[in-house]
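As structure tokens, the structure follows; a few thoughts come after it.
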Amino acid sequence: MNIPTELPEYLQPLGFIDGQWCAAVSGAAFEVLDPATGKKITSVPRMGESDTERAIAAAHKAYPAWRTMTAAARAGVLEAWAASMRARSDQLAQLLTWEQGKPVSESKVEIEYAASFFSWFAGEGRRIYGDTIPPHLPDTRILVMRQPMGVVGGITPWNFPSAMVTRKSAPALAAGNCMVLKPAESTPLSALALAGLALEAGVPPGVFNVVTGAREDAAVIGETLTSHPLVKKIGFTGSTVVGKHLMAGCVDGLKKISLELGGNAPFIVFDDADFEAALAGAMICKYRNTGQTCISANRILVQDSIHDRFVEALTARAAELVPGHGLEDGVSLGPLIEPRALDKVERLVADALAKGARLMIGGNRHSLGGTYYEPTVLSDVTPEMDITREEVFGPVAAIMRFSDEAEAIALANDTQYGLSGYFYSRDVGRVFRVAEALETGIVGVNTGLISTEIAPFGGVKESGIGREGSKYGIEDWTEIKYVCLAGIGEGS
Ligand code: NAP
């Protein structure tokens with residue numbers, strides 16, 4: 001196994017404000033742990049209100065020069081940042097696995113995904129077009145321009161500790177804003193690595209700041225960002241409960257907020273599906289990142305006539321997964337992020353079994369100990385079970401049975417969440433009907449993998465507001481300004 005012994009040289013275990021590495025004003029620090037072993041990796045500062053205010057002031061100071069650079073010049077900086085990431089992709093992937101736990105092969109995919117946002121938004125920043133509108137008066141002209149907002153805040157989760165940072169900071173910076181970012185307690189190092197590479201790429205001091213904090217500090221940092229008059233917008237990825245809380249915090253200042261929140265994705269397999277493709281899609285959609293993604297298949301719905309065969313085949317595939325340390329060769333399933341995640345998975349499985357679910361495989365803590373959980377398949381799952389209402393965020397496939405298309409759609413939409421939904425079918429009419437009927441922001445048809453920087457990512461219902469990635473993803477980081485130019489004369 002290839003567990004690193006030290007941090008990369010471009011990263012210091014400190015906060016990053018105004019282009020400088022810095023400790024917390026309080027001097028306090030918290031430990032970052034390897035979730036696979038529970039061992040300490042390093043300590044980083046427990047920052048709070050005054051540190052966050054300092055970062056906001058630094059971003060505010062940097063803003064005039066950054067916003068008045070040409071879009072092309074900002075794009076050059078972002079491209080250099082992406083290049084620095086790609087040049088270090090193996091090391092960044094190793095660091096990501098070390099603090100987060102996912103197999104390093106998945107971390108490599110995440111690092112490329114993360115870098116792709118810098119490349120993509122370097123381009124999109126150059127295409128923030130305005131409008132001219134036919135005027136309402138003869139001597140008037142109407143112009144519409146899109147402008148940056150100023151200082152913006154980003155708050156990101158631990159499950160994609162690199163990509164969630166770039167998915168926010170790339171469009172924000174490309175549009176001319178300056179950012180204060182708060183990464184998750186469990187995974188600050190990937191964000192700090194990005195800060196180190198920002199220095200190397202020539203991101204000016206203050207344009208990108210990282211404020212680290214322990215879980216106890218999150219509310220204070222969040223409140224400082226949402227209540228500060230200089231902060232014009234918040235971009236958040238995380239749980240629905242925290243997202244709602246942050247949105248409430250933005251009310252006083254009428255601050256813009258975009259929210260990428262939790263999901264409860266249905267994964268529907270119709271009997272006309274390509275069976276093997278659906279099986280492969282379900283495996284990746286369910287067990288990738290040990291099921292800890294907001295777009296994981298949370299409820300697998302299988303049509304009657306192929307139900308038993310599908311359950312049997314998925315159980316056999318789940319048995320082939322290899323749990324272990326993500327830096328070990330051949331491992332395909334990492335640990336859960338922390339003990340309370342393990343408790344949640346145990347609670348949901350126990351509730352399902354108590355209400356009549358059938359355990360096909362797994363169902364226990366793994367013999368590896370720590371936060372490892374066995375790859376698990378449950379069948380005969382029904383809507384009364386908590387596992388169909390809450391995000392599992394673990395390696396547990398919950399399979400439900402349905403008889404026809406109408407029932408599948410009704411079951412799929414029976415949730416307050418609406419992030420992603422998937423289905424497998426080869427009937428072209430059904431493909432359109434079901435894609436249109438699913439109440440989700442994202443639909444995967446005949447695929448379990450939908451993330452790409454070029455497509456809009458985001459949810460409906462209680463899964464969020466706004467979109468990240470794609471040409472739409474930059475709009476949320478700009479304001480529209482209407483310029484009414486009068487008195488220009490009548491012309492001839
Ligand atoms: P979380 O508890 O909501 O935490 C997310 C971030 O918010 C972390 O940085 C966290 O800091 C911070 N935070 C917690 N309480 C806060 C508060 N009161 N004020 C301000 N910030 C606060 O979510 P998580 O458990 O880390 O992440 C998993 C969730 O994210 C799942 O629901 C998943 O579906 C969702 N997610 C959504 C997407 C998407 O694109 N829709 C993508 C990935 C994940 P600490 O870590 O220090 O507590």
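The values are calculated or read from the model by the stated rules, or taken from the named source; none is laboratory data. Note that this is a predicted model, so its numbers are computed, not measured. For neighbour counting, all protein chains shown are included, and Cβ atoms are generated from backbone atoms with ideal geometry for every residue, glycine included. Keep in mind that these areas ignore ligands, DNA and RNA; they rest on the heavy atoms of the full protein, side chains included. Shrake-Rupley method; radii C 1.70, N 1.55, O 1.52, S 1.80 Å.
Couple of notes before you dig in:
Residue by residue, here is whether (1) near the ligand (Cβ under 10 Å from one of its atoms); (2) open to solvent by less than 10 Å² (accessible area, probe 1.4 Å); (3) not aromatic (Phe, Trp, Tyr) holds:
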| position | (1), (2), (3) |
| --- | --- |
| Pro204 | no, no, yes |
| Gly238 | yes, no, yes |
| Ile257 | no, no, yes |
| Val269 | no, yes, yes |
| Asp274 | no, no, yes |
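- Strands (runs of 3 or more DSSP E) contained in segment 11-86 and holding at least 1 residues of a type outside the set (Val, Ile, Thr), open to solvent by 20 Å² or more (accessible area, probe 1.4 Å) and in contact with a Ser or Thr (Cβ under 9 Å, 6 or more places away or on another chain): 29-33
- Meets criteria (at pLDDT 95 or above, part of a helix (DSSP H, G or I), more than 26 Å from Leu95 (Cα to Cα) and open to solvent by less than 60 Å² (accessible area, probe 1.4 Å)) for Leu342: no
- Positions within segment 399-418 being within 16 Å of the ligand (Cβ to nearest atom) and either under 20 Å from Met283 (Cα atoms) or open to solvent by 10 Å² or more (accessible area, probe 1.4 Å) (or both), in sequence order: Thr415, Gln416, Tyr417
- Residue match in segment 362-384 (condition: within 26 Å of Pro35 (Cα to Cα), among the charged types (D, E, K, R) and surrounded by fewer than 19 Cβ atoms within 10 Å (Cβ to Cβ)): yes
- Inspection of segment 285-295 identifies no residue that is open to solvent by 10 Å² or more (accessible area, probe 1.4 Å) and away from the ligand (no atom under 16 Å from the Cβ).
- Pairs are defined by a Cβ separation below 6 Å, a sequence spacing of at least 6 or placement on different chains, a first member in segment 459-474 that is open to solvent by less than 10 Å² (accessible area, probe 1.4 Å), and a second member that is among the hydroxyl-bearing types (Ser, Thr, Tyr) and not in a helix (DSSP H, G or I); the pairs so defined are Ser463/Tyr417.
- Test result for Ala191, open to solvent by 10 Å² or more (accessible area, probe 1.4 Å), part of a helix (DSSP H, G or I), within 11 Å of the ligand (Cβ to nearest atom) and more than 28 Å from Gly421 (Cα to Cα): no
- Positions within segment 475-489 being buried (at least 18 other Cβ atoms within 10 Å of the Cβ) and among the hydroxyl-bearing types (Ser, Thr, Tyr), in sequence order: Thr478
- Filter pass, Leu199 being away from the ligand (no atom under 12 Å from the Cβ), over 25 Å from Thr293 (Cα atoms) and touching a helix residue (DSSP H, G or I) at 6+ places or on another chain (Cβ under 9 Å): no
- Identity of the residue in segment 442-458, of a type in the set (A, V, I, L, M, F, W, C) and open to solvent by 40 Å² or more (accessible area, probe 1.4 Å), that ends up farthest from Val165 (Cα to Cα): Val445
- Residue list for segment 206-220, restricted to those being within 27 Å of Thr97 (Cα to Cα) and either open to solvent by 10 Å² or more (accessible area, probe 1.4 Å) or at pLDDT below 95 (or both): Arg215, Glu216, Asp217, Ala218, Ala219
- Subset of segment 314-339 [within 16 Å of the ligand (Cβ to nearest atom) and surrounded by fewer than 21 Cβ atoms within 10 Å (Cβ to Cβ)]: Glu338, Pro339
- Residues that are surrounded by fewer than 16 Cβ atoms within 10 Å (Cβ to Cβ) and near the ligand (Cβ under 9 Å from one of its atoms) within segment 221-235 comprise just one, Glu223.
- Applying the criterion of at least 3 residues that are open to solvent by 10 Å² or more (accessible area, probe 1.4 Å) and free of Cβ contacts under 8 Å to residues at least 24 places away in the same chain to the strands (runs of 3 or more DSSP E) found wholly in segment 101-172 leaves 131-133.
- Filter result for Gly263 (surrounded by 15 or more Cβ atoms within 10 Å (Cβ to Cβ), in contact (Cβ under 8 Å) with a residue 12 or more places away in the chain and near the ligand (Cβ under 8 Å from one of its atoms)): yes
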